[in-house]
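For reference, the structure discussed in these notes is given below.
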């Protein structure tokens, strides 16, 4: 037996104007009672009206009652609720008889309830966990205005689209430039701050200061086709494990073929060349922590011989990109081209490639019948479906990451129905073929290089056994799926807190802010608890350098989500009335969590390691430094006893920016800004002391 919906309850109320409730007397009965008296106007004793009830003493509202403070009993809101900007509810309002309330007020309350409820008209069961690893995205807790939560399953259409899309011009609210505009920072250091994204675009158009220009001129002289297979293997070991959009067996077979027959002008040669470029520029992960002095004494290897070789492969691939037609491989080529640009800290070029890849992926899925256009999916193999799913999610994730920092448009890829809630791993026969290795003209299969980037350096595994390759495959997919699952949580936080600029945080309902943060915390904790052992990290580990690259990358993504979630609370604390003790009591715990996310010991690891997220990592370092400076100006660091420790981390973040500043103009500018802000903060503390 199904329960009546809230909308049916509204219809029943509106359709019954003479509603009679238990314990009340209809109007006609009261008229008959008055007419049955004698001629003198006397009534029967049984018909005498009951004496009026005594009025109850004023009752505190729910918020004041829960906080155990005196309530002013003002209507519609008491003074305490007005100060906290929260809903003010009185017990008698909730328990008052329906017949005593005006009908418009009842309907208004019901309409408000209906507006707060999530759309439960459709629900799609969550797919079973891959590799027996539970996923926390099976159910999401969506808090309502009263602080309660409704457990609801994600829809595969409207709800899924809302989690995959981003608000228009979201970078205005989430980017590093927005944090620089916080009023808490000194105007002297940020008044002349240029638009960082504008610097990137101007640098891209003029070509002046491009770090890759010096070796692009000589790139054509070092192209060596005999090293193709070596570079492809390095790509599979260092790059493809974090974004497995290519089939290992097919790529190695194509590389072996091109080594013998030479390069052509088709999509196969283009894909192999980009893989070679990524393999040449990528290196194995070094898990040992770096020191601030060690980072300051070194610079990035942008002028190394391997970088020149990588650029030669990339330029050869670029000459073929313009000749590609639509198709799965064309989209893969553009996506890998964007990843290479992120490796070389060229974010504008990377966005252009990601946009092209997403557009081609959209066209491919529509033509193949994998979207709302329909089609017979049974005619496609499982391997083909798996490649399409991986391409879809990688394109979408890459675009979302770029749009949080750059004021650029989003493609229409998110508007179609996703090929699956999560990308599916390749079928078992494909895995076995990849482990066996490709054969060409009956020759024995090849083996992959050492998997040093996946494991701690003190015990690298042997790459010659199938067990190692299976472990590589599983660990890579565990990491990939965790990235996709966090994409939904990331976009949920953005829609909840970053749909407008940071000034709106001071006008938001602080109770709703805390409820939403608590719900996201719970979801994030479920995600941490569901992580497989091979990529699980320990925040309390005193030796984080023992972690593998994928473990460390997972931790960095986790900390980035926490900074995104708690940043609004630090802003509100920094710009609130210092005399409002109640507001400080509610907001400060979340603001302190934002600070703690910026002073983690594992931050020292991997700062000089070049990877897909290096440019994002530099921006996160700058953001962390700004968060610590804001916390210092508001007294949060003093209250937490982290003044000395935060100073060490600010110097570390500046050293990180200096290490990479020669490769991207915006990193150099933000490094100089933060140094000026530190000098101003130091001079102010000296003058006040």
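The values are calculated or read from the model by the stated rules, or taken from the named source; none is laboratory data. No experiment lies behind these values; they were computed from the predicted model shown. Reconstructed Cβ throughout: ideal geometry from the backbone, glycine too, with neighbour counts over all protein chains shown.
Below are the figures for this structure:
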item: Of all residues in segment 640-654 being over 26 Å from the mean Cα position of the chain (by Cα) and assigned to a helix (DSSP H, G or I), the one that is surrounded by the fewest Cβ atoms within 10 Å (Cβ to Cβ); result: 644
item: Filter result for residue 72 (more than 42 Å from the chain's Cα centre (by Cα) and at pLDDT 85 or above); result: yes
item: Flag for residue 410 being surrounded by fewer than 17 Cβ atoms within 10 Å (Cβ to Cβ), at pLDDT below 90 and outside the structural domain of residue 666 (by TED's automatic domain parsing); result: no
item: Given (1) closer than 24 Å to residue 570 by Cα; (2) in contact with a helix residue (DSSP H, G or I) (Cβ under 7 Å, 6 or more places away or on another chain); (3) in a helix (DSSP H, G or I), index of the condition residue 598 fails; result: (3)
item: Residue check for residue 621: touching a helix residue (DSSP H, G or I) at 6+ places or on another chain (Cβ under 6 Å) and assigned to a helix (DSSP H, G or I); result: yes
item: Residue within segment 308-328 that is touching a helix residue (DSSP H, G or I) at 6+ places or on another chain (Cβ under 7 Å), modelled with pLDDT of 85 or more and either assigned to a loop (DSSP other than H, G, I, E, B) or outside the structural domain of residue 418 (by TED's automatic domain parsing) (or both) present; result: yes
item: Count of residues meeting criterion [surrounded by fewer than 20 Cβ atoms within 10 Å (Cβ to Cβ) and in contact (Cβ under 8 Å) with a residue 60 or more places away in the chain] in segment 590-600; result: 1
item: The lone exception for residue 364 - which of (1) in a helix (DSSP H, G or I); (2) within 23 Å of residue 612 (Cα to Cα) it fails; result: (2)
item: Lone qualifier among 487, 565, 586, 531 - being surrounded by 16 or more Cβ atoms within 10 Å (Cβ to Cβ), not in a helix (DSSP H, G or I) and not assigned by TED's automatic domain parsing to the domain that holds residue 85; result: 531
item: Odd one out for residue 615, checked against (1) surrounded by fewer than 21 Cβ atoms within 10 Å (Cβ to Cβ); (2) in a helix (DSSP H, G or I); result: (1)
item: Only listed residue being surrounded by fewer than 19 Cβ atoms within 10 Å (Cβ to Cβ) and either at pLDDT 60 or above or in the same structural domain as residue 615 (by TED's automatic domain parsing) (or both), chosen from 428, 475; result: 428
item: Total residues in segment 367-389, condition closer than 17 Å to residue 412 by Cα and either in a loop (DSSP other than H, G, I, E, B) or at pLDDT below 50 (or both); result: 5
item: Count of segment 667-680 residues which are at pLDDT below 90 and buried (at least 18 other Cβ atoms within 10 Å of the Cβ); result: 2
item: Single condition residue 290 does not satisfy, out of (1) crowded, with 19+ Cβ neighbours inside 10 Å; (2) modelled with pLDDT of 75 or more; result: (2)
